[in-house]
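The values are calculated or read from the model by the stated rules, or taken from the named source; none is laboratory data. Quantities reported herein were computed from a predicted structural model and do not represent experimental measurements. Note that each Cβ is placed from the backbone with ideal geometry, even for glycine, and that neighbours are counted across all protein chains shown. Ligands, DNA and RNA are stripped out before the accessible areas are found, and what is left, the full protein with its side chains, is counted by its heavy atoms. Shrake-Rupley method; radii C 1.70, N 1.55, O 1.52, S 1.80 Å.
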Amino acid sequence: MYTYVIPCLLGLEKLVSDECKRLGLQDVKAENGRVLCRGTLADCARLNINLRCGARVLLVLGRFPARSFEELFQGTRAIPWEEYLPRDAAFPVKGYSISSQLHAVPACQSIIKKAMVERMKGAYGITWFPEDGASYPLRVFLYKDVVTVAMDTSGDSLHKRGYRTLTSKAPITETLAAALLMLTPWKPDRILVDPFCGSGTFPIEAA
């Protein structure tokens, strides 16, 4: 079983957690601005395809305490990166730090990347990685001295459904439009009236 983190807009946690439960995910837990759940690797695709209100799907690869750069390095190095990244993978690292002793995010990102390279050097028997293959973005969260390392499996944010090529001055995101519809009594067998449709996000999300 794998752990997934699904970031979302504040206030939509209940809707996203309900979606995860309907999709059969386990141990669903809502937190501020995100939802955690557990499932199989196949559930990764199901979440990305079916979630209406979540921003993206992050696959948690490791979680460990770190109050020093050495602990951050060793904790990251212990993750079996060779099981997730091919030798030509591009692996950009983006980090966040809240209420942690390690608050210099650029330095943390550099150490994490160095630890990943050191691990993969031994696994692949090479000393240089071109990173000219597919991209595997990494998201690292430091919260109260606990590090969570996750892989972004979504790429573009899930609000980019693909149908909107032109936008108005202040378009509502597709995920928020879907959430607002879920919060109303509207059902597919009822008439939907949207007299100020703008770019048509509400009717399209309803459809």
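Just a few scattered comments:
- Residue pairs meeting the criteria (Cβ under 9 Å; at least 6 apart or on separate chains; first polar (S, T, N, Q), in segment 84-98; second open to solvent by less than 60 Å² (accessible area, probe 1.4 Å)): S97/A104; S97/V105; S97/C108; S97/V140; S97/F141; S97/L142
- Residue within segment 41-52 that is closer than 30 Å to I126 by Cα, hydrophobic (A, V, I, L, M, F, W, C) and either out of contact with any helix residue (DSSP H, G or I) (no Cβ under 9 Å at 6 or more places or on another chain) or surrounded by 18 or more Cβ atoms within 10 Å (Cβ to Cβ) (or both) present: yes
- Single condition Y2 does not satisfy, out of (1) open to solvent by 40 Å² or more (accessible area, probe 1.4 Å); (2) out of contact with any helix residue (DSSP H, G or I) (no Cβ under 8 Å at 6 or more places or on another chain); (3) not small (G, A, S): (2)
- The residue of segment 117-161 that is modelled with the lowest pLDDT, among those that are within 29 Å of I204 (Cβ to Cβ), in contact with a helix residue (DSSP H, G or I) (Cβ under 7 Å, 6 or more places away or on another chain) and not aliphatic (A, V, I, L, M), is R161.
- Scanning segment 169-207 for residues that are at pLDDT below 85, among the small types (G, A, S) and surrounded by 10 or more Cβ atoms within 10 Å (Cβ to Cβ) yields G198, S199, G200.
- Inside segment 171-185, residues that are in contact with a helix residue (DSSP H, G or I) (Cβ under 7 Å, 6 or more places away or on another chain) and closer than 13 Å to P203 by Cβ make up a count of 5.
- Only residues that are closer than 27 Å to A207 by Cβ, touching a strand residue (DSSP E or B) at 6+ places or on another chain (Cβ under 9 Å) and open to solvent by 20 Å² or more (accessible area, probe 1.4 Å) were counted across segment 9-27, and they come to 6.
- Check on Y96, in contact with a Phe, Trp or Tyr (Cβ under 7 Å, 6 or more places away or on another chain), under 30 Å from E205 (Cα atoms) and open to solvent by 20 Å² or more (accessible area, probe 1.4 Å): no
- Elements of the type helices (runs of 4 or more DSSP H) sitting completely within segment 1-119 and holding at least 1 residues that are more than 18 Å from the chain's Cα centre (by Cα): these cover 13-22, 69-77.
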